[in-house]
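Asks: Mind having a look at this structure? Questions to follow.
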Amino acid sequence: MRYGDHIEAFRDAIVDAFSSRQALAQFAKATGQVKSLAASVGDGPLEDMAYDFLEVVKARNGEAGLATVMDTALVRRPGNDSLLALARKLGADRPASAADLLHIRALDLRPLEEVWRKALAIPRKRLVVLMLCGAEQTVIGNVIERLRLHLGVPASTSNSRLRLDERFTPVDKTLDLIVRLKPRLAQEHVVCMVDADSAPDDAVARLLPGLFAAYADALAHHLVLLLNTRADCTAPERCILLPAPRFQDTDLYEWVEDVTRDKGWPPDLRDDFKLWLHKAVDEAVFPPTDVAYFALENAIRLLSQNLPQAALRERFRQPP
């Protein structure tokens, strides 16, 4: 089946995964299909911009361009139900993502993991509310993936994502949606993300008492709520603040060691790969998280090509 025959479904999945103009623009640029979304399709409703973007890609690069868009979307939003459903329908295999290759001790997430492991180990405490302040969506996706793996939750059942805001899903409605997860908790652990970065200042503080009251009875499985708030928010009582993720350049070097260990590469080729990746993050000692993830995603695409060592040496001599 062809992507071009399902442009409207593709548009809907893209809008669901990248639900703001800024997110859509960053994603479109990351696909390499356009230099600028605004320059290519102009301004307008989000749905129209996404549709026009896909039409531009189709006109310029055909099915290959649309396949690249899907691959990039799955890498950046690996847990999005709409993207995964469309990819399965069209027979598109999910590509390796940074989350797949970083494994459970995921680089910048190790300090976060120490916090949530302790919280999840407490006996008879099944409702755990975690908070991230001002995190990028890529980081949130990776944290959810780590939590899912820690609890052994199947990927197909761990994609509860809600948005807490004043206009569409205020506190009462958000609480109602979380309470509806009770039937699932009788059978399995549940990881739920609540995006509250545009919520009123006191929204989280008003949400939590109702939440703990609704789940006052003993639970058979864990309900882990991950709240993503603005960078300047403070954690209310009974809410566990996760430290901000942070990369170091040596984390990237360790990653290279991990993913090339079984490839039979000579040490100098591995060093070339490390230096190439270091350049991709502007040689920063502490690269921004979104920059580091983007560099890793490009590195994964390169590895997935299974190039001969001579071709890799040549590639590592070129700018990332």
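The values are calculated or read from the model by the stated rules, or taken from the named source; none is laboratory data. Small disclaimer: the values here were computed from a predicted structure and weren't measured. Using ideal geometry, Cβ is built from the backbone for each residue, glycine included, and neighbour counts are taken over all protein chains shown.
Asks: Mind listing whichever residues of region 236-249 are out of contact with any Cys (no Cβ under 8 Å at 6 or more places or on another chain) and either of a type in the set (A, V, I, L, M, F, W, C) or under 16 Å from R206 (Cα atoms) (or both)?
Replies: P236, E237, R238, C239, I240, L242, F247
Asks: Looking at (1) buried (at least 17 other Cβ atoms within 10 Å of the Cβ); (2) in contact with a strand residue (DSSP E or B) (Cβ under 8 Å, 6 or more places away or on another chain); (3) not aromatic (F, W, Y), which is the one condition that is false for A203?
Replies: (2)
Asks: Looking at V129 and the list (1) surrounded by 14 or more Cβ atoms within 10 Å (Cβ to Cβ); (2) at pLDDT 90 or above; (3) in a helix (DSSP H, G or I), which single condition is not satisfied?
Replies: (3)
Asks: If you scan region 104-126, which residues turn out to be modelled with pLDDT of 75 or more and within 27 Å of L74 (Cα to Cα)? Show your work before the answer.
Replies: Here is the first cut: in region 104-126, the ones modelled with pLDDT of 75 or more are 109-126.
Result: L109, R110, P111, L112, E113, W116.
Asks: Then there's this: Determine if region 296-314 includes at least one residue that is over 22 Å from the mean Cα position of the chain (by Cα) and among the basic types (K, R).
Replies: Yes.
Asks: For residues that are touching a residue at least 40 places away in the same chain (Cβ under 8 Å) and of a type in the set (V, I, T), scanning just region 108-132, find the one that is farthest from A220 (Cα to Cα).
Replies: V115
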